[in-house]
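Structure below; questions to follow.
The values are calculated or read from the model by the stated rules, or taken from the named source; none is laboratory data. All of these numbers come straight from a predicted model, not from anything done at the bench. Virtual Cβ from ideal backbone geometry, glycine too; neighbours counted across all protein chains shown. Quick note on the areas: whole protein, heavy atoms, side chains included, nothing else; ligands and nucleic acids left out. Shrake-Rupley method; radii C 1.70, N 1.55, O 1.52, S 1.80 Å.
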Amino acid sequence: MKAPLLVPIDLLGDGSGPVSQALLPALAELNRSERPLVLLAERPDRWRPTRNQVDQALSRQSSIEETVHRAGGAVDAVLYLDVGLFSRERHRREALQGLAERYDLQAADLRIVAAPGRLGDLLRRTDLDVVGAADMSELVDRIRTLAREE
């Protein structure tokens, strides 16, 4: 199995729905190339099932998974990272290392595409390979390139 591609969940949408229509063919190509897609999201504050933020996050996750599946792609997992003011970088690194171990890889083998912003900046500080994507067309290009990568 190829190393998973990690993409922040906020990069998927363009306002027209949970996932940009321009992105769906690239996500299907990713699935055909047997490269798992793992979405990264900010963990809602006070992660409790009764909190409105958590309900919204899980509802959004479900909607994205459905949309990607209908287009021929697959979301293998969603990893919620703690990005709060007092969260520790070590916890984010451990979460990413745990994800890598799930795929029998080292964290350095993970492929991450991120845009500038809070989550993207935090990912860059983990010393992992983070490829930038400033807009939707660049994100599509990055995903297609990584789908074809051996």
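Add -39500 (n - 2.57) for each DSSP H run of 4 or more in the chain, then divide by its residues: what number comes out at 222 nm, to the nearest 500 deg cm²/dmol?
Roughly -13000 deg cm²/dmol at 222 nm, from the helical runs in the chain.
Hey, another quick one. Hey, rough spin-label estimate for Asp135 and Ser59, points 7 angstrom out along Cα→Cβ, what's it come to in nanometres?
Taking the simple label geometry, Asp135 and Ser59 are separated by 3.2 nm.
List residues of the stretch 57-74, by number, whose backbone nitrogen lies under 19 Å from a label position 7 Å along Cα→C-beta of Ser33.
68-69, 71-74, by backbone N distance to the label point.
Output wanted: per-residue J couplings in Hz (rounded whole) for the stretch 133-138, from phi through Karplus 6.51 cos²θ - 1.76 cosθ + 1.60, θ = phi - 60°, x for Gly and Pro.
9, 7, 8, 5, 5, 5
Kindly report, to the nearest 10 Å², the accessible surface of Thr145 as traced by a 1.4 Å probe over protein heavy atoms only.
My reading of the accessible area for Thr145 is about 90 Å².
Compare Leu39, Leu123, Leu105 in a GNM of the chain, Cα atoms joined below 10 Å, and give the one with the largest fluctuation.
Top of the fluctuation ranking is Leu105.
Assuming a viscosity of 0.890 mPa s and a temperature of 25 °C, what translational diffusion coefficient in µm² per second does Stokes-Einstein assign to the chain, Rh being the Kirkwood radius over Cα pairs?
D = 158 µm²/s.
Could you check the spin-label model distance between Arg93 and Arg125? Points 7 Å from the Cα along Cα→Cβ, value in nm.
1.2
Among Glu94, Glu65, Glu34, what's the order by accessible area (1.4 angstrom probe), most exposed first?
The most accessible residue leads, giving Glu34, Glu94, Glu65.
To continue, here is another question. Hey, with R₀ at 22 Å, roughly what FRET efficiency would Arg144 and Glu101 work out to, going by the Cβ-Cβ distance, to 0.05?
E(calc), rounded to 0.05, equals 0.20.
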